[in-house]
Amino acid sequence: MPIPDFQSLMRPVLEAVRDGEAIPLNGLRECIADVFQLTEEERKEQLPSGRQTVINNRVGWTRTYLNKAGLLTIPSKGMVQITDRGRQALANGPSRITVSWLKQFPEFADFHTAKPQATDVLDVIKNGAVEAVETTPDEQMDEAHQALMQSLAEDLLAQVRAASPIFFEQLVVDLMLAMGYGGSRKEAGKATQATNDDGIDGIINEDKLGLDVIYLQAKRWSNTVHRPEIDKFIGALTRQRARKGVFITTSDFSVGAREAALGLDIKVVLIDGVELARLMVENNLGVSVKQVYEVKQVDSDYFAGE
């Protein structure tokens with residue numbers, strides 16, 4: 001079954017500790033994964049940030065919310081234990097405990113409404129429509145970041161498509177340099193030459209020592225690149241006795257074009273508009289930092305000797 005949202009975990013978490021014994025958080029996570037019969041793949045599924053598994057993150061936030069509502073206590077580091085209020089919730093509470101239901105407890109309401117609202121997703125929580133929000137704060141941050149990155153990539157690609165052929169030539173050189181290819185800007189500039197098809201063709205060093213070279217072709221196109229263009233590129237590589245080539249376009253590649261680049265003795269990499277924008281963002285080309293938010297957590301090592 002799909003990994004349950006963290007509100008769906010609230011009652012099962014209470015059920016898992018209903019006997020009153022304190023149990024380790026790691027043991028609670030395993031228990032919940034077993035309760036919902038998660039597959040090995042689901043247990044290993046990561047948040048978009050890649051820092052934590054989804055199920056561990058959701059169990060962790062469930063513990064935090066239930067603790068803030070007074071239904072759970074943390075008797076010692078990494079442990080979880082039910083409270084009398086938690087037992088009452090099991091006996092008299094709803095079959096599905098939610099953030100909205102937890103707000104009846106003043107200490108939880110204070111904790112929850114005191115949080116700064118930074119995104120539209122969090123605004124939904126602030127306005128009380130919590131039933132529609134089934135992700136943890138970490139997931140909301142990741143989702144908001146992904147949405148911002150997607151919007152940025154789309155804006156970036158629109159700017160690239162509107163740029164002049166000469167600017168696009170320079171952009172490709174700058175990108176290769178930013179990715180660690182080409183040696184110096186002077187060498188990279190010499191390695192490329194302008195053409196009349198709104199793109200550039202040339203060779204660029206694979207490394208700073210020039211131990212190998214990469215053949216480049218770039219098309220500032222709005223139309224899909226089809227197989228004949230890739231076949232011509234492969235022919236050019238063959239005549240140059242090149243072993244590696246990169247074909248960059250501001251549009252996309254047809255299925256046939258992508259198939260043409262497979263199963264060759266030479267390595268051909270196809271970079272479409274979406275990938276081009278991603279590489280520009282990843283290598284800080286044509287973008288600048290707008291705002292930095294630091295998300296901190298407790299330093300367990302600091303308290304290790306306590």
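Values quoted throughout were computed directly from the atomic coordinates according to the rules given, and no laboratory measurement underlies them. What you are looking at is a predicted structure, and each value in this text was computed from that prediction instead of being measured. Quick reminder, even Gly has a Cβ in these numbers, built from the backbone with ideal geometry, and neighbours come from all protein chains shown.
At a Förster distance of 22 Å, what's the computed FRET efficiency of VAL295 paired with LEU90, Cβ-Cβ distance as r, to 0.05? My answer for the efficiency is 0.10. Coupling constants for the range 234-242 follow from the phi torsions by the Karplus curve (6.51 cos²θ - 1.76 cosθ + 1.60, θ = phi - 60°), and in residue order they are 4, x, 5, 4, 4, 5, 7, 6, 7 Hz; glycine and proline get x. Translational diffusion of the range 1-88, estimated by Stokes-Einstein from the Kirkwood radius over alpha carbon pairs at 37 °C in a medium of 0.692 mPa s, is 252 µm² per second. Could you sort out which of LYS219/LYS290; LYS219/LYS244; LYS44/LYS290; LYS44/LYS68 sit more than 22 Å apart by Cα distance in this structure? Checking Cα-Cα distances, LYS219/LYS290; LYS44/LYS290; LYS44/LYS68 exceed 22 Å.
Ordering ILE3, ILE32 from the fewest to the most neighbouring beta carbons within 10 Å gives ILE3, ILE32. Taking the fewest neighbouring Cβ atoms within 10 Å as the starting point, the ordered list for ASP272, ASP5 is ASP5, ASP272.
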